[in-house]
Number of protein chains: 8
Amino acid sequence: MTLRVYLSGEIHTDWREQITNGASGLDVSFSGPVTDHAASDDCGVAILGAEADKFWHDRKGAQMNAIRTRKGISDADIVVVRFGEQYKQWNAAFDAGYAAALGKSLIILHGPDHAHALKEVDAAALAVAQEPAQVVDILRYVLSGELP
Amino acid sequence: MTLRVYLSGEIHTDWREQITNGASGLDVSFSGPVTDHAASDDCGVAILGAEADKFWHDRKGAQMNAIRTRKGISDADIVVVRFGEQYKQWNAAFDAGYAAALGKSLIILHGPDHAHALKEVDAAALAVAQEPAQVVDILRYVLSGELP
Amino acid sequence: MTLRVYLSGEIHTDWREQITNGASGLDVSFSGPVTDHAASDDCGVAILGAEADKFWHDRKGAQMNAIRTRKGISDADIVVVRFGEQYKQWNAAFDAGYAAALGKSLIILHGPDHAHALKEVDAAALAVAQEPAQVVDILRYVLSGELP
Amino acid sequence: MTLRVYLSGEIHTDWREQITNGASGLDVSFSGPVTDHAASDDCGVAILGAEADKFWHDRKGAQMNAIRTRKGISDADIVVVRFGEQYKQWNAAFDAGYAAALGKSLIILHGPDHAHALKEVDAAALAVAQEPAQVVDILRYVLSGELP
Amino acid sequence: MTLRVYLSGEIHTDWREQITNGASGLDVSFSGPVTDHAASDDCGVAILGAEADKFWHDRKGAQMNAIRTRKGISDADIVVVRFGEQYKQWNAAFDAGYAAALGKSLIILHGPDHAHALKEVDAAALAVAQEPAQVVDILRYVLSGELP
Amino acid sequence: MTLRVYLSGEIHTDWREQITNGASGLDVSFSGPVTDHAASDDCGVAILGAEADKFWHDRKGAQMNAIRTRKGISDADIVVVRFGEQYKQWNAAFDAGYAAALGKSLIILHGPDHAHALKEVDAAALAVAQEPAQVVDILRYVLSGELP
Amino acid sequence: MTLRVYLSGEIHTDWREQITNGASGLDVSFSGPVTDHAASDDCGVAILGAEADKFWHDRKGAQMNAIRTRKGISDADIVVVRFGEQYKQWNAAFDAGYAAALGKSLIILHGPDHAHALKEVDAAALAVAQEPAQVVDILRYVLSGELP
Amino acid sequence: MTLRVYLSGEIHTDWREQITNGASGLDVSFSGPVTDHAASDDCGVAILGAEADKFWHDRKGAQMNAIRTRKGISDADIVVVRFGEQYKQWNAAFDAGYAAALGKSLIILHGPDHAHALKEVDAAALAVAQEPAQVVDILRYVLSGELP
């Protein structure tokens, strides 16, 4: 059994590396969004041509990124969504809702301060973790039944 | 043709009343979440019993509210999601993602300051409006072809 | 908004009447299985002819009852599953799994003694109640936002 | 043709080994739940932190196990559900209902004493067997047309 | 609860009338194919123009009839398929397979002589009856729990 | 049985009126796009604000019209697509493909000159007509079995 | 591109071998039912125990065969259904209906004498052939664009 | 991550080669229709026998090509649809609608002259490009996050 795991959300810390490194011996294939913030913001106009209006500049980029995001989520068994300390992160919550509606197993990852604000998102999840290492433990347990 | 419209998101201003009043002559049936903030937070424990741990207090409430939210979104033709000036509003973005995955027609309603942060959400929408009156205009046009 | 509610499970107490009576002023339409135990056991052979083998006697009846059960669950917004104090009640757990896979909102109703044995079933539910009156309270809240 | 088979249900006898050993020469890939009872009960709190309340202790574990169970059932062509002599085994019946709603081919495995109590579950199955060796015979026949 | 029932298959006896008359007091809405054999054969060319080749004459008619058939089956809760004594009746078996794949509750109606030849069709059904009156009894039982 | 019919495509002749008038005694409910060409082109900017770039002017309008189009097609039993003598009419062909993928019964309406160019579209249809009156005849036949 | 092709229907001539041999150089993977008539009839009782009543003898076998049939059809891109000169072959027509409802590409294979009786089945197909060699030609063309 | 890309539409220029050559180092598998115009027009009659009527000649061919087209689009993550300078190209727009309804990521490729006529098709796309090289850039970015 190979688990396909999509890592959505916060892009300013190394949580994805912590998980992929921690799971290096496990039968897991990871995917996720483009995490280069500048490339992610500008991909649309860089490839398809500049826009005078910032709104359409953003639209072009967001739709191009959606090609990757939708495939990653659609192909996944598990979608992990990380909410960091900063920013609105509405795209993370959007991905969580999208994944929930597709029936994916959701793992939400956030610090205790966000618990109340994320209660609807957490309520759709099969696990709510605080640390990337816990996500690794979950993946190991799901694959092998082995506990930490 | 009756349009079924779910009004998701911000609960601290009267935007829902503006839309439902504005659309009073149109063949639209509206639904939405419970907008009494205290009831929405406490419904779980009020009905099913108190919890010592705030996390499970929240979980009970959020899952009870999900009974209403899921039905409202599943039955809707159009899901309008309003992002206000304050708060994290991750449940609003979650609803938008959920509705998008179900193929619902999305209308996103927010002020210009949030445009960049909401670009992934807007990119999944068929219309992005700034004022409730514009949502009414859209509903009227969709039903009758009449422009303001 | 009309809620369609299917009442599955235990047939030896009056919990269905408690719920339907309690919800008499609410916009809810209820359905459920045939609760006449003898009719439910014998319907297949009574209509389609006797069987020498008890296994096929049971099969004929169970499949005939499935016509009603599947329609009730498929049409429902909410499936309430009641586990009583006695019997195996595997059909109740089967209905819960069936409803879960269809994405129905599940409410599980049982006494505290069954909590551990029902943990997988409860984990798929949006509410776990102990008393029929709590189910009525949930239906009222979901419809009107009114708490007890 | 590779058959993907999920082995659900009773975890106190070696019926899974009997089937996987018996099918060792066949093109079948097996999956199943974590069968270490203690690990399965405690996985949630072991990884995500202790709970004071047994109900939430169980919830955390049951939802973590659901990540594995849902993937196993969703990916399967055939779901075999074994009911043993003891315990409530509501999770087994839940899995059977879940698999039935997804249109999986169901094989139910139980002794004759449970036949009446399992009639609704059996009625959703394509085969009802008493012995693990019969399941092996079915898999061989389905793959090769060869009878015992 | 209204049952929507599609009556497929044999068109040379009055079995549809027997069922609709027998069910006259029940909350059932019936649909079925056009049973005027000549109209059914010729509808395509009568409306869309003659064809020199019988194969395309038949194709035009069969596709026009499919507009009605597909709607009737798609909208139905229960599909009853009657196999008579004569003719190939491949369209009846096709309808049964179509309905089975859509998850409809199937009732197959045929005399004992056809039992072996129809075993795959019967195996997908929730009831196999010999007489139209039995179908009426099933509908009454499913709606009311009342046995004959 | 009520047939829900969506009338897609060409907007410069009175073919929709011919069909709706011809079907005035039948149990059919019709829907279709906004057929006021100017309103359809400008609805997006008229309601949501002007665009400097014609491409985004068009995008806003097309997405607003999609709210109506998608609902109409999704709710329909039958989608009639009319190709006129002029213009590219790619939106008509797009609607036909969209409806085909949803499994709707398609009726294509066009003159003989377009037969070769429309062969892929026609091949997905259950009827290909040349005159609006033929569509009326089809609807009458599907509802009543009556031929012209 | 690998085409997965299920070969349903008649089992008394060598048409399957003609197709699989003819397609030996093509990227096609074939599946089909068990074609050993006796094994197919008796598999249920041979594995799961004898039945006194022929009807249940047949039921057990038909349901066991359905495990293979459903997987084969569900996994297929193309379902070829062959109708021979003899027998009722209702299972073939059932498979065709089942495949049609799942949106599979259907190829129907039969002699000219059956054309009228099979018109509803043919009308759901993308190709109607008379000879196995034509099916090979279709598979080659679909894969490579090469005509005979 | 392998991207499966279907290249639909115009067959008179080398745009497919430009994309497949440009993407030669990327993890993409391409598919598309038969691009030999004569073979595509005549495949039906070449394999299944001549037709006197051009309409049915076309029908046979279009349905045979649909076997390939439907598989290619159904299996794809991304559907690229190219509209050239000439011809009606209704099949291209049909494919775009078909892919949109299946939730595929659409990339539309056309010159600026067609922008207004294609506005409904473009509005369903995640990217609108003018040059094949831009499609290559999108595929590279989606796979690797690398911008040109």
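The values are calculated or read from the model by the stated rules, or taken from the named source; none is laboratory data. In this text the structure is predicted, and so the values were computed from the model without any measurement. Note that each Cβ is placed from the backbone with ideal geometry, even for glycine, and that neighbours are counted across all protein chains shown. Please note that ligands, DNA and RNA were not included when accessible areas were found on the heavy atoms of the full protein model with its side chains. Shrake-Rupley method; radii C 1.70, N 1.55, O 1.52, S 1.80 Å.
Structure above, values below:
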item	result
Euclidean distance of C-alpha centroids, region E:63-127 and region H:32-65, integer Å	33
Per-residue SASA entry for G:His12, accessible area with 1.4 Å probe, Å² rounded to 10	100
Accessible area expressed per residue, the protein assembly as shown, with surrounding protein chains retained (probe 1.4 Å, Å²)	35
Percentage, to the nearest whole number, of Cα pairs in region C:49-148 over 24 Å apart	33
Area hidden from solvent between G and C (accessible, protein heavy atoms only, 1.4 Å, total, Å²)	500
Ratio Rg/Rh [Cα only; Rh per Kirkwood] for the protein assembly as shown	0.94
Antiparallel DSSP beta bridges within region G:9-148, as percent of all bridges there, nearest 5	0
³J(HN,Hα), Karplus 6.51/-1.76/1.60, whole Hz, each residue of region G:119-128, x for Gly, Pro	4, 5, 5, 4, 5, 9, 9, 8, 7, 10
Estimated FRET transfer efficiency when R0 is 60 angstrom, pair D:Ala52-A:Thr2 (beta carbons, to 0.05)	0.95
Fraction of accessible area attributable to carbon and sulfur, region E:1-40 (%, probe 1.4 Å)	48
Helix-only mean residue ellipticity at 222 nm for the protein assembly as shown, each DSSP H run of n ≥ 4 adding -39500 (n - 2.57), per residue, nearest 500	-15000 deg cm²/dmol
Interface residues, region D:40-62 - accessible area loss of 40 Å² or more versus chain alone, probe 1.4 Å	D:Asp41, D:Ile47, D:Leu48, D:Phe55, D:Trp56, D:Asp58, D:Arg59, D:Ala62
When each of D:Lys88/G:Lys60; A:Lys119/D:Lys119; G:Lys71/H:Lys54 is checked by Cα-Cα distance, pairs over 31 Å	A:Lys119/D:Lys119; G:Lys71/H:Lys54
Selected from E:Arg59, E:Arg16, E:Arg68 as most flexible by GNM, with chain E as the system and alpha-carbon contacts under 10 Å	E:Arg59
Using θ = phi - 60° and Karplus 6.51 cos²θ - 1.76 cosθ + 1.60, couplings along region H:4-12 (whole Hz; Gly, Pro as x)	9, 10, 9, 9, 9, x, 2, 10, 9
Complex-versus-alone comparison for region D:99-136, residues with a loss of 40 Å² or more in accessible area, probe 1.4 Å	D:Ala101, D:His116, D:Ala117, D:Lys119, D:Glu120, D:Ala123, D:Leu126, D:Val128, D:Gln134
Under 5 Å, built H, 5+ apart or other chain: amide partners of D:Ala129	D:Ile108, D:Leu109, D:His110
Long-range amide H partners of A:Ser31 with built H, under 5 Å	A:Val5, A:Tyr6, A:Leu7
Peptide D:25-36 - average C-beta neighbours from other chains (10 Å radius)	1
Protein accessible area in region G:52-148, 1.4 Å probe - carbon and sulfur %	47
Of D:Ala52, D:Ala117, D:Ala92, the one that fluctuates the most in a GNM where chain D has Cα springs shorter than 10 Å	D:Ala52
Longest exposed-site-free window of chain E, the sites being GluC sites (Glu not before Pro) in a DSSP loop that have at most 15 other C-beta atoms within 10 Å	E:1-84
